[in-house]
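Structure, as structure tokens:
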Amino acid sequence: MKKIDLLKKIEEAKIKQKAGNPLEANQIFQVLLKSNNDSFDLLYAYGLFCRDLKNFNLAKRVFLNLINKFPSSIKPYILLAEILKIENKFKDAEGVLRKAIKIDPNHGDLLYNFSLLFFALRNFDNALVYIDKAIKLSINNDIYKLLKSEIYIKKFNIDEAIYILEDLNNKNRIKKDNNKEIRINILLANAFLKKRNFEKAEILLLKLIKKYAGFELAYLNLSIVYNDMNQLSKSIQILKKGINVSPNFMPFYKNLASFYRNSGQLELAIETNLFIISRNKFDFNSFYELSGIYDFKNHKNELNFLLNTKLENLNPNSKIYAAFAISNLLHKEEKFKESAKYLKIANDESLKYKKSDLSLKIKHTEFYRSLKIKKSKNKYLKNSSSYIFIVGMPRSGSTLLENILSLNPEVTDMGEVNFLEESTKEAQDFEDVYDLYEKKVINQFQSSTIYTDKSLFNYMYCAVISNFFPKAKIINCIRNPLDNILSIYRANFLNQSFSFSLTDISNLYLHYFETMEGYKIKYGENIYDYYYEDLIENPNNVIPGIINWLDWDWNEKYLSPHQNKRNVYTASSAQIRKKFYSSSIGIWKEYKELLEPAIEIIKTNKILGEKIS
């Protein structure tokens with residue numbers, strides 16, 4: 001067949017596909033392939049067709065065939081790597097791209113795809129290196145610059161990202177490319193969100209909604225803005241508007257389920273997640289969400305589907321969520337040995353794709369421990385009494401504590417804000433930290449007498465707090481080390497990659513404990529040790545002790561934190577709706593075999609060793 005006729009037939013197949021007739025398109029491709037299977041154009045178009053239909057195995061075979069027949073052509077390498085990336089086979093994708101770059105080291109789109117790969121792996125430094133190379137080769141490529149701005153946002157180089165995006169916006173006002181306008185403004189809104197400039201983020205997204213009424217991502221991102229503003233009712237409201245516009249856009253329902261849970265509307269959270277599963281029974285993220293708040297007693301078919309799922313047949317992401325979900329449900333049924341098996345599968349799989357951040361956390365802590373900080377001139381002596389820093393390890397009872405303290409009407413519970421970490425990074429001098437921190441508080445929260453900051457890793461900054469927030473209170477949350485380690489291991493903390501390794505959790509717990517022991521010697525008058533088990537077993541004594549240390553007036557309501565109606569954004573958002581319960585105390589003993597590596601590490605500290613003997 002002549003090339004011009006072949007191209008016409010390929011175009012006919014593409015038209016059929018776009019019109020929603022993939023079977024007819026496939027018939028055309030099959031006829032053409034019988035006599036033209038050496039045509040690059042045909043194989044390339046057929047590979048794209050298979051990819052668009054999500055027939056990834058066939059698409060991969062087609063692109064491999066193209067690579068074998070046309071090894072110097074770069075496009076098939078890029079497309080094969082894209083599919084491998086979708087399948088979370090990042091090492092394989094990188095291998096394919098490295099073969100291609102040996103052929104053409106100065107191919108802009110190849111460098112761009114390298115950047116995309118490292119971006120997906122959250123290796124933003126490497127992503128930046130490759131996108132800079134691509135931009136150097138093609139200085140006017142706006143797509144490359146958009147990715148660079150997105151990398152800057154992830155690296156929290158927000159001002160650099162805004163500079164790029166506003167420059168692109170100015171250029172686009174002349175060209176008037178609607179798709180580019182949408183992407184630029186979505187990224188700009190995200191950048192302003194990261195800067196906590198909620199007003200600018202909201203304005204941009206509302207403009208997009210007004211101009212492009214059916215643009216789902218604007219509604220979705222606006223719901224996140226309101227969520228970060230601690231306005232969950234507005235988040236839910238905007239999602240419902242989005243659903244009215246686009247009822248089949250499933251991310252709306254995922255956010256909605258999460259916001260219902262965080263606001264304590266557990267029945268609606270359950271109902272929404274069940275709806276998601278009814279539309280896609282392979283949505284194991286929703287199974288995971290349900291496993292923490294529902295026993296599936298009225299949904300036996302869904303439960304059996306989950307329990308009988310062959311994990312080895314799932315992609316890595318689905319495998320992780322399914323294994324965590326199964327482990328949670330087996331734990332509830334007190335089948336601890338089986339629960340441990342699935343728990344290990346989930347965490348081992350996660351660790352394949354996320355390098356542990358243990359060494360970074362320890363290095364960061366040691367940096368601040370070793371600083372010789374000059375004492376403040378006490379210009380903040382009076383104002384710093386407004387702040388209570390809740391520190392410790394995750395899953396140590398901190399959310400319960402904040403729930404108790406926030407029953408005081410004079411308290412604004414800020415949750416897990418990164419204000420102190422950001423302020424220490426931004427400060428030219430430690431004397432500036434307080435001003436920077438207070439500015440962030442004022443920008444995001446209404447004026448209040450007392451603020452609680454529950455960013456637990458602030459224990460790293462106890463020296464900074466004690467010197468530059470001299471009247472601030474630090475409450476150190478302590479839980480039985482093995483119960484704490486197990487709870488972290490069970491939590492699926494996506495942004496805390498140390499949590500996927502029992503040895504890394506244990507080593508961090510040990511380092512945290514020894515760090516705080518040192519800080520208590522230096523700054524003991526500012527630090528109060530709150531023991532989770534003591535509070536659960538004897539709240540009538542422990543809670544008044546905390547309130548007395550804070551020098552607050554006593555009120556009986558502090559004994560009923562489960563009645564607190566506030567929004568909660570942590571992994572404990574469902575549990576704190578319950579009355580005090582002791583079922584998790586000593587639960588580590590049921591997982592003793594799994595926890596052997598943790599036990600050996602914790603025993604190296606004499607004080608901690610006594611707690612687990």
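The values are calculated or read from the model by the stated rules, or taken from the named source; none is laboratory data. Remember, it's a predicted structure, so these values are computed and weren't measured experimentally. Here the Cβ is made from the backbone with ideal geometry for all residues, glycine too, and neighbour counts use every protein chain on show.
Checked against the criterion of being outside any helix (DSSP H, G or I) and out of contact with any strand residue (DSSP E or B) (no Cβ under 7 Å at 6 or more places or on another chain), the candidates PHE282, PHE259 yield just one match: PHE282.
With respect to TYR459, is the statement that it is among the aromatic types (Phe, Trp, Tyr) and within 19 Å of GLU525 (Cβ to Cβ) true? Judged against the criteria, TYR459 is a match.
Residue-by-condition table, conditions (1) closer than 22 Å to GLN444 by Cβ; (2) touching a residue at least 24 places away in the same chain (Cβ under 8 Å); (3) crowded, with 17+ Cβ neighbours inside 10 Å:
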position: LEU147; (1), (2), (3): no, yes, yes
position: TYR163; (1), (2), (3): no, no, no
position: ASN170; (1), (2), (3): no, no, no
position: LYS176; (1), (2), (3): no, no, no
position: ARG183; (1), (2), (3): no, yes, yes
position: LEU187; (1), (2), (3): yes, yes, yes
position: TYR212; (1), (2), (3): no, yes, no
position: TYR219; (1), (2), (3): no, yes, yes
position: LEU232; (1), (2), (3): yes, yes, yes
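When residues in segment 154-209 are screened for being aromatic (Phe, Trp, Tyr) and either in the same structural domain as LYS425 (by TED's automatic domain parsing) or not in a helix (DSSP H, G or I) (or both), 1 of them pass. The single condition from (1) in a helix (DSSP H, G or I); (2) in contact (Cβ under 8 Å) with a residue 40 or more places away in the chain; (3) crowded, with 18+ Cβ neighbours inside 10 Å that SER423 fails is (2).
Of all residues in segment 65-98, exactly one satisfies the criterion of being closer than 25 Å to TYR353 by Cβ, free of Cβ contacts under 8 Å to residues at least 12 places away in the same chain and not charged (D, E, K, R), namely GLY95.
Every condition in (1) among the aliphatic types (A, V, I, L, M); (2) out of contact with any Lys or Arg (no Cβ under 6 Å at 6 or more places or on another chain); (3) in contact (Cβ under 8 Å) with a residue 24 or more places away in the chain; (4) closer than 30 Å to SER318 by Cβ is met by ILE103 except one, and the failing one is (4).
Note on segment 245-268: residues that are over 21 Å from GLU216 (Cα atoms) and of a type outside the set (D, E, K, R) total 6. Would you say TYR144 is of a type in the set (Ser, Thr, Tyr), within 23 Å of LEU117 (Cα to Cα) and within 28 Å of the chain's Cα centre (by Cα)? When the stated conditions are applied, TYR144 passes them. With respect to the conditions (1) exposed (fewer than 15 other Cβ atoms within 10 Å of the Cβ); (2) among the aliphatic types (A, V, I, L, M); (3) under 27 Å from LEU494 (Cβ atoms), ILE103 falls short on a single one, namely (3).
Checking every residue in segment 99-114 against the condition of being assigned to a helix (DSSP H, G or I) and more than 30 Å from LYS154 (Cα to Cα) gives at least one match.
Yes/no per residue for (1) under 21 Å from the mean Cα position of the chain (by Cα); (2) outside any helix (DSSP H, G or I); (3) surrounded by fewer than 19 Cβ atoms within 10 Å (Cβ to Cβ); (4) not acidic (Asp, Glu):
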| position | (1), (2), (3), (4) |
| --- | --- |
| GLU312 | no, no, yes, no |
| LYS319 | yes, no, no, yes |
| ALA323 | yes, no, no, yes |
| LYS344 | yes, no, yes, yes |
| SER350 | yes, no, no, yes |
| LYS363 | no, no, yes, yes |
| GLU366 | no, no, yes, no |
